[in-house]
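Beneath this line is the structure, given in structure tokens, with notes to follow.
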Amino acid sequence: REWFGEMFEYARSKSLIPLCAIHRPEDAEFLLQYSLPIFKIASIDLHYHHLFKQLLPFEKPFLISTGMSYLSEIAETIRMLESEGCDEVILLHCVSCYPPRPEDTNLRNITTFQKAFELPVGYSDHSPENISAIAAVALGAMVIEKHITLDKKTHGPDHAFALEPKGMVNLAKSVREVEASLGHTKRILSKSELDARKMIRRSLVTKVSISK
């Protein structure tokens, strides 16, 4: 716990928003001294409504991972929060495997959540690469959660599938490029494409000089 003050201060000095998973109200009380802006709820606690009800008096938004949960369980938790007057929720599609196989990732769950709950949706990614996180952004994910390590070879449960700093930089750049590339739904031609249209499109020309 003595690391948190320095850690949060350093993260904010880099224009980052430090977050932390909350597993009990004592965690919330400790972390709020560092102005924690949102409560992250891990997948293991999605169905633990008692914890949510203990945290509601703090009046913080919830970022909720959904690993191992049936759609009905997610819906039950959302209904409970709505009944308590809490509507500031972001759902994270999550597969609680470390790492998951591509065929188990089911990124289309992102659109399933968007349609079912009409809430902001993100993706908690446990894969060792960036491709699924980038694809999630293309599907509308508004939050990406990713593990980071200084060395994948470090002993411990999460290091092997976490990104090293260079990989995290590449992920951030790729996400921003995808966001820019997605653009908007209206069919609008850019200035560059309008210029190309003049040069490339078929047009009527003459073989001989014609006076005006």
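Brief remarks on what is shown
- The listed residues are D125, D151, D104, and the only one of them that is of a type in the set (D, E, K, R) and within 23 Å of I22 (Cα to Cα) turns out to be D125.
- Test for I64: is it part of a helix (DSSP H, G or I) and either among the aliphatic types (A, V, I, L, M) or more than 26 Å from E118 (Cβ to Cβ) (or both): no
- Inter-residue pairs, beta-carbon under 6 Å, first farther than 18 Å from L55 by Cα and in segment 72-84, second of a type outside the set (D, E, K, R) and open to solvent by 20 Å² or more (accessible area, probe 1.4 Å), 6+ apart: E73/H47
- Within segment 130-152, the set of residues being among the acidic types (D, E) and either farther than 29 Å from E118 by Cα or touching a helix residue (DSSP H, G or I) at 6+ places or on another chain (Cβ under 6 Å) (or both) comprises D151 only.
- Restricting segment 85-108 to residues that are open to solvent by 30 Å² or more (accessible area, probe 1.4 Å) and outside any loop (DSSP other than H, G, I, E, B), the residue that is nearest to S124 (Cα to Cα): I90
- Cβ-Cβ under 6 Å pairs, at least 6 apart or on other chains, segment 11-34 side within 19 Å of K146 (Cβ to Cβ), far side assigned to a helix (DSSP H, G or I): P18/F8; P18/A11; C20/L31
- Residue count for segment 9-23 under the criterion of being within 15 Å of F39 (Cβ to Cβ) and modelled with pLDDT of 95 or more: the result is 3.
- For segment 5-28, the candidate set comprises residues that are within 21 Å of S65 (Cα to Cα) and charged (D, E, K, R); within that set, the residue that is least open to solvent (accessible area, probe 1.4 Å) is D27.
- Identity of the residue in segment 164-212, of a type in the set (D, E, K, R) and closer than 21 Å to I148 by Cα, that ends up surrounded by the most Cβ atoms within 10 Å (Cβ to Cβ): E164
- Count of residues meeting criterion [open to solvent by 70 Å² or more (accessible area, probe 1.4 Å) and not hydrophobic (A, V, I, L, M, F, W, C)] in segment 135-163: 3
- Of the set (1) more than 21 Å from L139 (Cα to Cα); (2) among the polar types (S, T, N, Q); (3) surrounded by fewer than 18 Cβ atoms within 10 Å (Cβ to Cβ), all apply to T111 but (1).
- Subset of segment 114-129 (residues that are crowded, with 17+ Cβ neighbours inside 10 Å and either without any contact (Cβ under 8 Å) to a residue 12 or more places away in the chain or in contact with a strand residue (DSSP E or B) (Cβ under 6 Å, 6 or more places away or on another chain) (or both)): Q114, P120, V121, G122, Y123, S124, D125
- Filtering segment 153-184 to residues that are over 26 Å from I41 (Cβ atoms) and touching a helix residue (DSSP H, G or I) at 6+ places or on another chain (Cβ under 6 Å) leaves S174, V178.
- Test: residue in segment 134-152 that is touching a residue at least 24 places away in the same chain (Cβ under 8 Å) and among the polar types (S, T, N, Q): no
The values are calculated or read from the model by the stated rules, or taken from the named source; none is laboratory data. What you see is a predicted model, and the numbers here were worked out from it, not measured in a lab. So basically every Cβ, Gly included, is an ideal-geometry build from the backbone, and we count neighbours across all protein chains shown. With ligands, DNA and RNA removed, areas are computed over all heavy atoms of the protein, side chains included. Shrake-Rupley method; radii C 1.70, N 1.55, O 1.52, S 1.80 Å.
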